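A.B. asks: Mind having a look at this structure? Questions to follow.
The values are calculated or read from the model by the stated rules, or taken from the named source; none is laboratory data. In this text, all values refer to a predicted model and were calculated from it rather than measured experimentally. As a convention, Cβ positions derive from the backbone with ideal geometry for all residues, glycine included, and neighbour counts pool all protein chains shown. The protein model used for the area step is the full one, side chains on, heavy atoms only, and it has no ligands, DNA or RNA in it. Shrake-Rupley method; radii C 1.70, N 1.55, O 1.52, S 1.80 Å.
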Amino acid sequence: MLIADDQELVRTGFRMILDAQPDIEVVATVADGAAAVAEARRLRPDVCLLDIRMPKLDGIEVTRLLAGPGVQDPMRVVIVTTFDLDDYVYGALRAGACGFLLKDSGPALLIEAVRAAAAGDALVSPSVTVRLLAHLARPRQPVSPPESLTDRELDVVRLVARGRTNQEVAAELFVSLSTVKTHMASVQTKLGLRNRVEVAAWAWESGVVS
């Protein structure tokens, strides 16, 4: 994986935490957005861990260049930030990031977010999921959900939008974990979305969750 942050102390700390894991290898650390794009394209890491505010190119632009709509073979980007209600975070998620967490979330959540991204899943800090999406989604009149979504799929979407993990969704709906994953895959296909972060954002934007 690649780490991009303009603070040397943060880069060093993240590298120490992640390199200590037997299944994670940090192949590069960079201090600005332009270097992040260049090194990511050169090395093709499984996961890019990006700060929002960096010199030359910010995290949003880097995310758009590496994982945005229209990018062939997009990379998996996890955003880290000091600010849980940073106006830029929502833009980064919409630009293609598959995870978001605060710098003070702790080592366990950092490792979990990286592993989730590498596995093709997504993780948003549970403590800020609802506040982030509710704060940053533009108020709109509720719209009728697509008829293609079943009632059970909408139940899953609403829980995901409120920050529930797949395991928590399964427990609340009294279904198996594999059933939840099947519903999520179906929802993403029907809505043309790439991951659970985009599903959650869609739910808030469309008024499915209020």
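A.B. asks: Going by the structure shown, is Ala40 buried (at least 21 other Cβ atoms within 10 Å of the Cβ), in a helix (DSSP H, G or I) and in contact with a Phe, Trp or Tyr (Cβ under 9 Å, 6 or more places away or on another chain)?
C.D. replies: So Ala40 does not fit the description; no.
A.B. asks: Of all residues in region 1-24, which are touching an Asp or Glu at 6+ places or on another chain (Cβ under 7 Å), open to solvent by 30 Å² or more (accessible area, probe 1.4 Å) and assigned to a loop (DSSP other than H, G, I, E, B)?
C.D. replies: Of everything in region 1-24, just one residue is touching an Asp or Glu at 6+ places or on another chain (Cβ under 7 Å), open to solvent by 30 Å² or more (accessible area, probe 1.4 Å) and assigned to a loop (DSSP other than H, G, I, E, B), namely Asp6.
A.B. asks: Run Thr81 past the list (1) modelled with pLDDT under 70; (2) among the hydroxyl-bearing types (Ser, Thr, Tyr); (3) closer than 26 Å to Glu25 by Cβ and report the number of the one that doesn't hold.
C.D. replies: The single condition Thr81 does not satisfy is (1).
A.B. asks: Checking Gly91 against (1) open to solvent by 30 Å² or more (accessible area, probe 1.4 Å); (2) out of contact with any strand residue (DSSP E or B) (no Cβ under 7 Å at 6 or more places or on another chain), which test does it fail?
C.D. replies: The number of the failed condition is (1).
A.B. asks: For Thr129, indicate whether it is at pLDDT below 80 and not assigned by the TED database to the domain that holds Val10.
C.D. replies: yes
A.B. asks: For residues in region 88-126 being charged (D, E, K, R) and either over 15 Å from Arg194 (Cβ atoms) or not in a helix (DSSP H, G or I) (or both), which is modelled with the lowest pLDDT?
C.D. replies: Restricting to residues being charged (D, E, K, R) and either over 15 Å from Arg194 (Cβ atoms) or not in a helix (DSSP H, G or I) (or both), the top hit is Asp121.
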